[in-house]
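Visitor: This is the structure, below, for whatever I ask next.
Just so it is clear, none of the values below were taken in a lab; they were calculated from the coordinates. This structure is a prediction, so every number in the text was calculated from the model and none was measured. Reconstructed Cβ throughout: ideal geometry from the backbone, glycine too, with neighbour counts over all protein chains shown.
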Amino acid sequence: MMEDRKDMQTRLVPGVGRMPYPAYRGTEPYVFVSYAHLDKDAVFAEIKRFNEAGFHVWYDEGIAPGNEWSDEIAEALSKCSVFVVMLTPTSAPREAVLNEISFALDEGKPLLAIYLEETELPPGLRLRISRKQAILKYNMTDEEYEFKFIEAFTRFGLKRDETAPPAGKAAPNTAPSVPASQALTGKHPFGDYVPKGTAVITDGLGKEFTAIGNSLVYKPVGKIAFQTLHDLISMEKSPNGYVLKDALGRESLLKTSPGDELLFLGAVENRGLGALDPEKLQINMVRSIRVDPGSTPDRRIKYCAVRMQNGAFLSPCQFLFFSVNENDGAPPAMKLKKDLNKFSAKGYASLGMMKKLTVVKAGEGRGPYGDRRPLDVAVQYPGDDTETFAIDDYFAIYAMGAGGEVRQLKREELREIEIL
């Protein structure tokens, strides 16, 4: 049974301070939070935020008087569903925090590192968690951060309390103004896309292109596959591919093929015929990329509202992709097209012509290569003319969420897409 959050009060603990909420002690999945006590003011604010977002949280201020700290911590860790460590220059070298991280990794717990401040990890700790999931809170807006941790907790299998308030509010001047008639109901874990950072892309001839920093996406040639260049600080061409460096100083190698593309939102609004397509460069023409996360171009972005069964979010129209298989009998990976090129014999509809797409009915048919559930959809055009189509081929729909990730939408959960 979920606890009534209205009855949960903060309480003052001598020598500790004001606790945000009692630590969770039920049997439902919960988050274990590891931190240094000297960071308690900042950490308690995050614990309160987790709880108000609808998640159960255990932290060590919930240990009953007289109990052994090590035993109760070990028990709470062994039963948790997600282990979260709050990293700061104070917490990173603490023996207690290091012991909890080691215990969690040894137990195979999903680990999420939240950097409250820019932090240099000790070599041993960097070795153990450098490739684990990390959220750089100090480098994000509140909205980006909230959607990041909600998405991570959801991905790790935690469920939100249905009585929790909607997560986050749009930061000033970072999300579009939506008329009341088009307002989104509920928030999806993917979250509203909020532009952040400035990327300067330099090609082989020294020409520079300026883009929104969290809109850089790598797309291999001939495939509907997207790789967000996540938390990118720099990208340099090398003999073996591209060396990527992220905000934590970690390096990785991106191997590319001729014809692969770099997609992005330019710093200046595109008012031409390609306004609803992302700008792009052939990846082998790119020499380097530099990203300044603290400066964001001031440009207007055209959004679409993606309404799903379990919430809604705003995506840039340029990163709304429809892929349809041209060959009815082929697996989904073959001959993919975009922009609704093929519905049925009734006709065609392109994203540029569309005002709204509404799912009227989801079919139940299955094909030889997996789930083929045809959809009946109504497409409304700018003049308010409406046509109904049956999307009866293998297809997928993609949109961009809060952090710039291009995500495939679950077709059984799709309800409506509206160009705002």
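Visitor: In region 198-292, if the dipole is taken from +1 on Lys/Arg beta carbons and -1 on Asp/Glu beta carbons about the Cα centre, which of Asn284, Tyr218, Pro239 is farthest to the positive end?
Guide: It is Pro239, whose Cα lies furthest towards the positive end.
Visitor: Quick check: from the Cα gyration tensor, does region 86-154 come out rounded (a/c under 1.5), prolate or oblate?
Guide: Here region 86-154 falls in the oblate category.
Visitor: Take a quick pass over region 215-323 and tell me how many lysine pairs come in under 17 angstrom between Cα atoms, counting only ones 8 or more apart or on separate chains.
Guide: Taking the Cα cut-off of 17 Å, the pair count is 8.
Visitor: Would you mind working out the magnitude of the charge dipole of region 210-252 relative to its Cα centre, with +1 at each Lys and Arg C-beta and -1 at each Asp and Glu C-beta, to the nearest 20 Debye?
Guide: Here the size comes out at about 180 debye.
Visitor: Work out the length of the dipole vector of region 198-292 about its Cα centre, built from +1 on the beta-carbon of each Lys and Arg and -1 on the beta-carbon of each Asp and Glu, and round it to the nearest 20 debye.
Guide: Roughly 220 debye for region 198-292.
Visitor: Place the peptides 42-55, 108-121 in order of packing, highest mean first, counting for every residue the other Cβ atoms within 10 Å and averaging per peptide.
Guide: Sorting 42-55, 108-121 by mean packing, highest first, produces 42-55, 108-121.
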